[in-house]
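First comes the structure, then the notes that go with it.
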There are 2 protein chains.
Amino acid sequence: MTYRVGVVGGGQLARMMIAPAVELGIDIRVLAEAEGMSAALAATQVGDYRDADTVLAFAREVDVVTFDHEHVPQPVLHALLEAGVAVHPGPAALEFAQDKIRMRTRLAELGVPQPDWAAVSDADALQQFIDEHGGRAVVKTPRGGYDGKGVRVVEHGTEAADWFAALAEDARGGDLLVEELVDFRRELAQQIARSPRGEVATYPVVETVQRDGVCAEAVAPAPGAGARLADVAADMARDIANGLGVTGMLAVELFETTDDRLLVNELAMRPHNSGHWTQDGALTSQFEQHLRAVLDLPLGLTTPHAPWTVMVNILGGPAEGGLAERVPAAMSAHPAAKIHLYGKDPRPGRKVGHINAAGEELDEVAYEARAAAAHFD
Amino acid sequence: MTYRVGVVGGGQLARMMIAPAVELGIDIRVLAEAEGMSAALAATQVGDYRDADTVLAFAREVDVVTFDHEHVPQPVLHALLEAGVAVHPGPAALEFAQDKIRMRTRLAELGVPQPDWAAVSDADALQQFIDEHGGRAVVKTPRGGYDGKGVRVVEHGTEAADWFAALAEDARGGDLLVEELVDFRRELAQQIARSPRGEVATYPVVETVQRDGVCAEAVAPAPGAGARLADVAADMARDIANGLGVTGMLAVELFETTDDRLLVNELAMRPHNSGHWTQDGALTSQFEQHLRAVLDLPLGLTTPHAPWTVMVNILGGPAEGGLAERVPAAMSAHPAAKIHLYGKDPRPGRKVGHINAAGEELDEVAYEARAAAAHFD
């Protein structure tokens, strides 16, 4: 017997599951969207994740199906369940990651603190929400957004006219999500793993820095986060993971408001950029933990190796030449930095790798990670 | 451009290079002896490493050729060099790992402390060495031994008659190696990496415990090893790596004698069992370091994560059932233990995995690693 995990999607999150899978003796197989993707080494099949027959054929060779992303359509997920395939996270949980209005509705039912929000079906309703919230608001398409896409700050109800028009043409119809523009001090993220048997394991809450809607840095633990803040964040993540029935890794993105509240911004039901620090900073990385969770194995300790770990993304990569050409100088100048590259070609704004650095002094660790990452600009 | 490393041999050492290769964006390719070996995930070719054409064809797709073992014949290695292939370690260095008499001769030239030894061509010469060394000695076949194979403790010159007979039939001819039986307190191992440009990086010296000629445990650092012992071991490894022109990882197995000397027992020119602790115990694992060294990239820091790391081998595995069945109980009882499995079927005495544990207290760490490993008995 060998544990066999099938990952739908061949991006860097699938790629980063390969290392812990190999170490634990887990047979990892990837259904990739195309040849030559990040996780190509473990790709056993190339095909369309929106096609039920393709995913079913892939699933036949594994014990559990999990995901590199949250975009597998519900009918495909249900076809897997009907065929007796273990799917983690399951469609009922993924629904809340796929539809932000359903997520907001469910979090409200659970009593989880979140920004004021509404589902709006036209410009007038949007305008009314804006008027009631200081003249500005955040509009989001409930489905399909990521890394800042499908998110717009607006002052007038007419500024989302194109999205309303698109929804009107969509067979599923539906509303846009509008949220208050939260007056926040900083953004945090809380990682938690939950297994089918209901075991949970939380990581230290981290601070994330976003640039242009994309995660640029994460600092673990969040500087100045006392026991109370850490407990509140972990409790919220536990409530959400249990309340939504999440299996595998869950990232809860949070606003820390200027009046000291934590509000849920977004959810991700998979290993998440804000948890990459765990690869070199914690006893069990989020990628190993995800594999353990979806296989319903006991979860690992999340103990940090060092007081501070900082993760800095490599965004875009060099304008000329490849990433590999920059490796020698980065390694030479920053021997304590851990370099992670995703096997992707440089392209403006694209996540092509990240650097982790860990140590005793936050200033030094942050400098090391940032300076090493700068070698790849 | 992508760094491409070709590993000849598909065993667990090649397998354990996969994780750091994936993280660093290195394209790793393995020439495996057969289908379904430990490193099967990265196997791009199956073939005979003793066949020059096979290895040459494999080498054409990579930037550097390195090894899972030291058994590639010299003519094949030279054929690679003649074809312009980068080979690390190169044939001149590997010769000393392949032939223990040449190794002893070269270490003597370098003035490196080692047990008394002789090359003997018949039972009389062997008997004379035994008589001069207290009535017992260790006889070794100069070529092809590993994990205690090809090693015999003898009291009479006639006890190696079968090996002398085999050498007489071998076209290469040659002598047997005989060594004094060293009165040692314990065995140590010193890991060092050396790159083609001559950069070296040493790891803390470790204590190893052998059972039936096979490494059973490693404790890093060697308990009670003060700065003097650590420096002597590191200096010896540096002298050997430089003197033999080793590239990649070198493990120097040492006897610590009852009169406080360090004598070289064996050399391994590759990642070595005594260095597996670095996967979870050091900033740069020996597998990442080997890849960096053979690619002539700057070497990584070898700083330990914790005061103590203990590695315990899983030897043989369960008499009934597979290794995977034991994983849940081991994880549940020992959440701080890091489990490494090689994708090999259990078989008496076979190395099928290992456990690493790290922490502040040696007793606790050693218990954790041993108790977790015992789940796989």
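Remarks
- The residue that is modelled with the highest pLDDT, counting only those in segment A:123-150 that are within 26 Å of A:T66 (Cβ to Cβ), of a type outside the set (D, E, K, R) and surrounded by fewer than 18 Cβ atoms within 10 Å (Cβ to Cβ), is A:G144.
- Filter pass, A:T44 being of a type in the set (S, T, Y) and buried (at least 17 other Cβ atoms within 10 Å of the Cβ): no
- Any hit, segment A:330-339, residues being part of a loop (DSSP other than H, G, I, E, B), of a type in the set (G, A, S) and either within 13 Å of chain B (Cβ to nearest Cβ) or touching a residue at least 60 places away in the same chain (Cβ under 8 Å) (or both): yes
- Of everything in segment A:63-78 that is more than 27 Å from B:L24 (Cα to Cα) and more than 14 Å from chain B (Cβ to nearest Cβ), the residue that is surrounded by the most Cβ atoms within 10 Å (Cβ to Cβ) is A:L77.
To keep it simple, each residue is scored yes or no on (1) assigned to a strand (DSSP E or B); (2) assigned by TED's automatic domain parsing to the domain that holds B:A237; (3) surrounded by fewer than 20 Cβ atoms within 10 Å (Cβ to Cβ); (4) not charged (D, E, K, R).
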{"position": "B:V153", "(1), (2), (3), (4)": "yes, no, yes, yes"}
{"position": "B:E159", "(1), (2), (3), (4)": "no, no, yes, no"}
{"position": "B:D162", "(1), (2), (3), (4)": "no, no, yes, no"}
{"position": "B:L167", "(1), (2), (3), (4)": "no, no, yes, yes"}
{"position": "B:R172", "(1), (2), (3), (4)": "no, no, yes, no"}
{"position": "B:L188", "(1), (2), (3), (4)": "yes, yes, no, yes"}
{"position": "B:P204", "(1), (2), (3), (4)": "no, yes, no, yes"}
{"position": "B:Q210", "(1), (2), (3), (4)": "yes, yes, yes, yes"}
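- Of the residues B:A52, B:A21, B:A40, B:A34, the single one that is modelled with pLDDT of 95 or more, outside the structural domain of B:N313 (by TED's automatic domain parsing) and farther than 29 Å from B:N313 by Cβ is B:A52.
- For segment A:108-122, the candidate set comprises residues that are modelled with pLDDT of 95 or more and touching a helix residue (DSSP H, G or I) at 6+ places or on another chain (Cβ under 7 Å); within that set, the residue that is surrounded by the fewest Cβ atoms within 10 Å (Cβ to Cβ) is A:L110.
- Of the residues B:A83, B:A97, B:A108, the single one that is under 20 Å from B:R270 (Cβ atoms) and small (G, A, S) is B:A97.
- Top-ranked residue of segment A:331-377 - restricted to ones that are of a type in the set (K, R) and in contact with a helix residue (DSSP H, G or I) (Cβ under 8 Å, 6 or more places away or on another chain), ranked as nearest to B:L291 (Cα to Cα): A:K338
- Segment A:212-224: number of residues that are part of a strand (DSSP E or B) and either more than 17 Å from A:A369 (Cα to Cα) or without any contact (Cβ under 8 Å) to a residue 60 or more places away in the chain (or both): 1
- From the options A:L181, A:L177, residue that is crowded, with 18+ Cβ neighbours inside 10 Å and not hydroxyl-bearing (S, T, Y): A:L177
- Of the residues A:G10, A:G6, the single one that is small (G, A, S), more than 8 Å from every other protein chain (Cβ to nearest Cβ), assigned to a loop (DSSP other than H, G, I, E, B) and crowded, with 23+ Cβ neighbours inside 10 Å is A:G10.
- Cβ separations smaller than 7 Å between residues 6+ apart or across chains give the following pairs from segment B:77-106 residues that are among the β-branched types (V, I, T) to residues that are surrounded by fewer than 18 Cβ atoms within 10 Å (Cβ to Cβ): B:V87/B:L81; B:I101/B:A119; B:I101/B:D175.
- Taken over segment A:13-47, the criterion of being of a type in the set (V, I, T) and more than 10 Å from chain B (Cβ to nearest Cβ) is satisfied by A:V30, A:T44, A:V46.
- Filtering segment B:340-377 to residues that are facing chain A (nearest Cβ under 9 Å), of a type in the set (G, A, S) and in a loop (DSSP other than H, G, I, E, B) leaves only B:G343.
- The single condition from (1) at pLDDT below 90; (2) farther than 23 Å from B:G90 by Cβ that B:L181 fails is (1).
- Tally of residues being facing chain A (nearest Cβ under 9 Å) and closer than 26 Å to A:E199 by Cβ across segment B:283-329: 10
- Residue count, segment A:154-175 (criterion: closer than 20 Å to A:E266 by Cα and modelled with pLDDT of 95 or more): 1
- So A:A97, is it surrounded by 20 or more Cβ atoms within 10 Å (Cβ to Cβ) and not assigned by TED's automatic domain parsing to the domain that holds A:D259: yes
The values are calculated or read from the model by the stated rules, or taken from the named source; none is laboratory data. Since this is a predicted model, take the numbers as computed values, not measurements. Every residue, glycine as well, gets a Cβ built from its backbone with ideal geometry; the counts of neighbours run over all protein chains shown.
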